[in-house]
1. Taking only protein heavy atoms and a 1.4 Å probe, what accessible area per residue, in Å², does the chain have with all protein chains in place?
2. Given [x] 26, 23, 16; [y] 28, 25, 17; [z] 38, 28, 18, which label gives semi-axes √(5λ) of the Cα gyration tensor in Å as computed from the coordinates?
3. Compute a Gaussian network model of the chain, connecting alpha carbons closer than 10 Å, and tell me which residue from Gly34, Gly153, Gly180 fluctuates the most.
4. Taking the Cα-to-Cβ direction at Glu7 and at Asp179 and moving 7 Å from each Cα, how far apart do the two end points lie in nm?
5. Using only the Cα atoms, what convex hull volume per residue in Å³ does region 64-139 have?
6. How much net charge surrounds Gly141 when only the other residues with a Cβ under 14 Å from the Cβ of Gly141 are counted, with Lys and Arg +1 and Asp and Glu -1?
7. Pick from Val162, Val185, Val125 the residue whose mean-square fluctuation is largest in a GNM of the chain, springs joining Cα atoms under 10 Å.
8. How much length is gained if the chain between Leu253 and Ala59 is pulled fully straight, taking 0.36 nm per residue apart and subtracting their Cα-Cα distance, in nm to one decimal?
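The values are calculated or read from the model by the stated rules, or taken from the named source; none is laboratory data. For clarity, every value in this text was computed on a predicted model and none was experimentally measured. Note: ideal-geometry Cβ built from the backbone for every residue, glycine included; neighbour counts use all protein chains shown. What goes into the accessible areas is simple: the full protein's heavy atoms, side chains included, and nothing from ligands, DNA or RNA. Shrake-Rupley method; radii C 1.70, N 1.55, O 1.52, S 1.80 Å.
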Amino acid sequence: MDIRWEEHGWERLSARAGRCRLPGWDATAGLVAGETGVLLYDTGSTPREGAALRADVAALLGPGRPVTHVALSHPHFDHVLGTAAFTEASTETSTEAEVYGAVGLAELLARGGGALYEDAVREGVDAAEAAGARDALVLPGHAVSGELTLDLGGPRVLLANVGPGHTAHDLALLVPAGDGSAPVVFCGDLVEESGEPQAGPDAIPARWPASLDRLLALGGEDAVYVPGHGAVVDAAFVRAQRDALAVRFGVSL
């Protein structure tokens, strides 16, 4: 499978995995393409941004290769409010994506749409667009407790509930090594490269360092680690961020 990632503004991570850095908050959206399935990791901050990602997928993979699976890393507006773009069947296919989140995420989003709206507007999203995103909010239909393997027809990817840490509902994605490429771990905002990790009121600081240990166990020393914001990093960076978080929050390792 020859995917021309760079031609469409995406970063190649392996033969079948890539990511783009969305404008505004530099949030990661990740893509894994198999022969029979396509998984998108996070969907952007609005349905409009989600629709742009959907168009990118069509350009990258060609017609008839829609997103079949969506995995949501955690319940913050810049990662989940574009999901509606992937749960409405396209005019070209009848496919609606199956949506996955950490256990408890659906229930949180069901009662937390107002908070997502407020956060989006506070961070600069147009109020009317944020209201539309809130009204179109999609709840995950599949809850991940522990680990779940998805067969995309070629790569068998692993969703792992590695939190709590950044939030109580942190979901990572492992794309195993293959085709001469190292493993790829999509970390969500458990790892941030473009600034200090953000610990909001829904963070679980005392357990955050342990969640990074679980990420490291998932990917190993040779993996490529993809933060929720910022450039791709290695295991040494994740370990250093774990140590810094432990000092910051007074956690013994």
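1. Details: 10330 Å² over 253 residues.
With the other protein chains kept in place, the chain gives 41 Å² per residue.
2. Computing semi-axes √(5λ) of the Cα gyration tensor in Å and matching it to [x] 26, 23, 16; [y] 28, 25, 17; [z] 38, 28, 18 gives [x].
3. The residue that fluctuates most here is Gly180.
4. Label at Glu7, label at Asp179, 1.5 nm between them.
5. Values: hull volume 6.9 nm³, N = 76.
About 91 Å³ per residue, rounded to a whole number.
6. Details: positive: none; negative: Glu96, Glu98, Glu107.
That works out to -3.
7. Val125
8. Details: separation 194, 0.36 × 194 = 69.84 nm, distance 4.54 nm.
In short, 65.3 nm is gained.
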